[in-house]
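Contents: one structure, followed by commentary.
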Amino acid sequence: MTWLALDASGNRAGLAVLEDDGTTLHKVFAPTRPGLIETLPLLLEEAAKAYAITNIAVGTGPGSFTGLRTSISLAQGYAAAAGIPLWGIQADAAYAAAFPQLHRPLWVVIRARKNRIFLLRDGTAEAFADAEIPFTRAPRALAGAAAAETAALLAARGADVLLTNAKAIDPAWIARAAQAQATAGIPPHPAQPAYIDPPEAKLPAGGLRPAPL
């Protein structure tokens, strides 16, 4: 089987094609802005022409609202048209696939906005102010875009933290996480965005314009 994986939850979008044994056949990255809506379908089209895709996996975040909507919608459309399984992979599962031999629990820390982070741990995703990051003396490993600053804050409070070098998701990790689930007999997860905070978009002060006549 051949697996195609997409992720656009962070500052860059990625696409990878892997064989069933985990060998990476193809990988490409692109900026999430500007032009993601136009670029990502072209990257998918090129990969689909070059490889016989039998499964598709997509990162479900948390992360960029625009990036998640674009990549998930594209993956859903391709899976439906091709009649192949679609696997939704949350960020913590993707990072875990990067460290299969890690002998301590992994926390994934993503910057939501200034002074606010998303923390994925023990299968849950929550938002915290930087000053309210949970403390634990149990050993932990940290990954994600905000891992370095979070590790520094926790270490200053006496936590036993191991900082990994994984700052951004590699789409190959998305594919490997989906492959691991398939091998374990876990059915495909719905590809729904893992939103934690509501959108920052606000209605105009005067309200929405009336529908055209």
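Please treat every number below as a calculation from the coordinates, not as lab data. Quantities reported herein were computed from a predicted structural model and do not represent experimental measurements. Here Cβ is always computed from backbone atoms with ideal geometry, including for glycine, and neighbour counts include all displayed protein chains.
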| message | Run lengths n ≥ 4 of DSSP H only: what is the helix-derived mean residue ellipticity at 222 nm for the chain, with -39500 (n - 2.57) per run over all residues, to the nearest 500? | response | -9500 deg cm²/dmol
| said: If I take R0 = 22 Å and measure r between the Cβ atoms of Glu38 and Ala80 in this structure, what FRET efficiency does the formula 1/(1 + (r/R0)^6) give, to the nearest 0.05? | reply: 0.60
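Roughly what % antiparallel, to the nearest 5, for the DSSP beta bridges in the chain?
Numbers: 24 of 38 bridges.
Looking only at bridges with both residues in the chain, the antiparallel portion is about 65 percent.
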| query | Per 10 Å bin, what is the whole-percent P(r) computed from every C-alpha pair distance within region 25-100? | reply | 17, 50, 32, 1
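Quick one: plug the Kirkwood hydrodynamic radius of the chain (C-alpha pairs) into Stokes-Einstein at 37 °C, 0.692 mPa s, and report D in µm²/s. Numbers along the way, then the final one.
Details: Rh = 18.1 Å.
So the translational diffusion coefficient is about 182 µm²/s.
Using the beta-carbon distance between Ala155 and Asn115 and R0 = 22 Å, what value does 1/(1 + (r/R0)^6) give for FRET efficiency, to the nearest 0.05?
On the way: r = 19 Å, r/R0 = 0.87.
Efficiency computed from Cβ-Cβ geometry: 0.70.
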| said: Over 5 Å intervals from 0, what percent of Cα-Cα pairs in region 100-163 sits in each interval? | reply: 4, 19, 33, 28, 12, 3, 0
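Counting other C-beta atoms within 10 Å, which of Thr183, Thr24 has the fewest, and how do the rest follow?
Details: Thr183 9, Thr24 15.
Listed from fewest to most nearby Cβ atoms, that is Thr183, Thr24.
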| said: Helix check for the chain. Which DSSP H runs span at least 20 Å along their own axis by Cα, with a mean Kyte-Doolittle hydropathy no less than -1.0? | reply: 36-50, 65-82
| note | Within the under-15-Å Cβ sphere about Pro100, not counting Pro100, Lys/Arg +1 and Asp/Glu -1 give a net charge of -1
| said: Place a point 7 Å from the Cα of Ala30 along the Cα-to-Cβ direction; which residues of region 48-69 have their backbone N under 16 Å from it? | reply: 48-50, 59, 66-69
